[in-house]
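The values are calculated or read from the model by the stated rules, or taken from the named source; none is laboratory data. These figures come from a predicted structure and were not determined experimentally. Every residue, glycine among them, receives a Cβ derived from its backbone with ideal geometry; neighbour counts consider all protein chains shown.
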Amino acid sequence: MRIIAGQNRGLRLAEVGEGDAAAALRPTSDRLRETIFNLLEGGRYGTPVREAVVLDLFAGTGALGLEALSRGAEEATFVESGRVGQRLIRENLKRASRGGEARLLAADALKLPAREGAAATLIFLDPPYGRALGAPALAAARAGGWVAPEALVVWEEAAPQPPPPGFTLAEHRRAGVAHLTLLRAAG
């Protein structure tokens, strides 16, 4: 895995190795990340990456949030409960020299603490497939003040997802075996 574009273009990320089967650690492939960021930077959604405040839920290796930072996001919070994922995120932040604009929150995405500071304008949601964790995670993020009005959510799952309360559907898109559901938070 590597960073596709921006300041850290070409940077190789830490290898998952055996991963963490219990946490269903499944990194977003380079190809899928490229698809996601081409979609985001294609103009259809304005410029959601540049100067964004990013929330990366179920962050895994942190590849999505790191890609956003490389492309000009202002800051990113990585939420990961698994120890292997936390270790990988720390290593990747170190490799990318991104400690200053990034924060690792070792927490369950369904039990987020109240947000301090600016709410997220761009949210990456990549829960373990098929476990119905995405909507509850978004509800927890909203309840904790993590979601800015009109925030864009990029939800990766095995099937298209309906928008939960407080969000409207912007687009469904299939990308290989993954389905991307893009949502807008209520204003």
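Of the residues making up region 108-119, at least one is at pLDDT 95 or above, out of contact with any Asp or Glu (no Cβ under 6 Å at 6 or more places or on another chain), of a type in the set (Asp, Glu) and at negative phi. Would you say Ala107 is within 23 Å of Ala143 (Cβ to Cβ), in contact with a Pro (Cβ under 9 Å, 6 or more places away or on another chain) and either surrounded by fewer than 17 Cβ atoms within 10 Å (Cβ to Cβ) or acidic (Asp, Glu) (or both)? Considered against the rule, which asks whether it is within 23 Å of Ala143 (Cβ to Cβ), in contact with a Pro (Cβ under 9 Å, 6 or more places away or on another chain) and either surrounded by fewer than 17 Cβ atoms within 10 Å (Cβ to Cβ) or acidic (Asp, Glu) (or both), Ala107 comes out as yes.
Scan region 116-153 residue by residue and report those that are under 15 Å from Val54 (Cα atoms) and basic (Lys, Arg). Within region 116-153, Arg142 is the sole residue that qualifies.
Each row is one residue, and each column tells you yes or no for (1) modelled with pLDDT of 95 or more; (2) of a type in the set (A, V, I, L, M, F, W, C).
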site: Thr121; (1), (2): yes, no
site: Pro128; (1), (2): no, no
site: Leu169; (1), (2): yes, yes
site: Thr181; (1), (2): yes, no
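Candidates in region 144-165 are the residues that are touching a Leu at 6+ places or on another chain (Cβ under 8 Å), without any contact (Cβ under 8 Å) to a residue 60 or more places away in the chain and part of a loop (DSSP other than H, G, I, E, B); of these, the one that is surrounded by the most Cβ atoms within 10 Å (Cβ to Cβ) is Pro163. Of all the listed residues (Gly134, Gly100, Gly82), the sole one being at pLDDT below 95 and crowded, with 18+ Cβ neighbours inside 10 Å is Gly82.
Among the residues here, Leu88 does not qualify as part of a loop (DSSP other than H, G, I, E, B) and surrounded by 20 or more Cβ atoms within 10 Å (Cβ to Cβ).
Being surrounded by 20 or more Cβ atoms within 10 Å (Cβ to Cβ), out of contact with any helix residue (DSSP H, G or I) (no Cβ under 7 Å at 6 or more places or on another chain) and either closer than 16 Å to Leu125 by Cα or not hydrophobic (A, V, I, L, M, F, W, C) (or both) is a property that holds for Gly65.
For Ala170, the stated conditions do not hold, so it cannot be described as without any contact (Cβ under 8 Å) to a residue 12 or more places away in the chain and either of a type outside the set (Phe, Trp, Tyr) or in a strand (DSSP E or B) (or both).
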